[in-house]
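Worksheet for the structure shown next.
The numbers here are math on the coordinates, done by the rules we state, and not lab data. Everything numeric here is computed off the predicted structure, so don't read it as measured data. Cβ placement follows ideal geometry from the backbone for every residue including glycine, while neighbour counts extend to all protein chains displayed.
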Number of protein chains: 2
Amino acid sequence: MLTTDSPAHPGREEIELAAVLHALSDPVRLLMVRGLAGDADGRSCSSFDVPVTKSTCTHHFKVLREAGVIHQRQEGTRRVNTLREEDLEARFPGLLATILQAAEGEPQLTAAT
Amino acid sequence: MLTTDSPAHPGREEIELAAVLHALSDPVRLLMVRGLAGDADGRSCSSFDVPVTKSTCTHHFKVLREAGVIHQRQEGTRRVNTLREEDLEARFPGLLATILQAAEGEPQLTAAT
């Protein structure tokens, strides 16, 4: 497996609450984060059935990465996304779990067909 | 006390997670919400020492009201703001408390002098 340089990520202590809340304040990004929760292997942009173009999907993942919500690594031509659950839990205990729980009662975006 | 019509507020069931997170994703708004927490009587815009103009303050409160985070009532010339803690707790259990707790570790905005 070819692994090239990963894009920049904020360190754990650099993660800011306002940035995390902003990153999670978009319904599509929230859906992506729900899809990543509990998936330690990570997922690529194309594995998500979200009603947005690939470039918009890429943009959303960039917002999540820059806020410290996800980690992105390059594997060949794929960019694989994982949730930074440990970092978020250490920085803001209970926050991600509470938001994911709150999101469960929200309307789901339907899969793009 | 003269009480005129209040501005429009979403009903409890109309409060959306993404809107709440967006409303709380601004450091000034987060500071305002922290100031309102536990203050049942409510506070007016001018009672906050935040480094923004009055019109910006008014805008921030409008965003919070439209998201369902605060209630605004008119008392004479004052618009008094209270946190919709019960509604938020019923809609998204633990969310507000977790975010307020996370905010405690964040840098405080300094009071405007």
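Over chain A, DSSP H runs of length four or greater, each weighted -39,500 (n - 2.57), average out per residue to a 222 nm ellipticity of -12500 deg cm²/dmol. Shielding value for B:92-104 is 5, the average number of Cβ atoms from other chains within 10 Å of each residue's Cβ.
Counted over all Cα-Cα pairs of chain A, pairs farther apart than 17 Å make up 52 percent. Projecting label points 7 angstrom from Cα along Cα→Cβ for A:A97 and B:S47 puts them 3.5 nm apart. Report, to one decimal in Å, the Kirkwood hydrodynamic radius for the protein assembly as shown based on all distinct Cα pairs. Evaluated on the protein assembly as shown, it is 18.8 Å. Considering only the other residues whose Cβ falls under 12 Å of the Cβ of A:G35, what net charge follows from Lys and Arg at +1 and Asp and Glu at -1? Around A:G35, the surrounding residues sum to +1. Under 5 Å from the amide H of A:I70 lie the amide H atoms of A:R65, A:R84, each residue being 5 or more positions distant or on a separate chain, with H modelled from the backbone and absent for Pro and chain starts.
Distance from the Cα centroid of the range B:43-113 to that of the range A:8-68 is 27 Å (rounded to whole angstrom). Neighbours of A:E106 by Cβ distance under 14 Å: Lys/Arg scored +1, Asp/Glu scored -1, total -2.
Other residues with beta-carbon under 9 Å from the beta-carbon of A:F61 carry, at +1 per Lys or Arg and -1 per Asp or Glu, a net charge of +4.
The residue list B:F48, B:G105, B:T77 was ranked by how far each Cα lies along the charge dipole of chain B toward its positive end, using unit charges on Cβ atoms, and B:T77 comes out on top.
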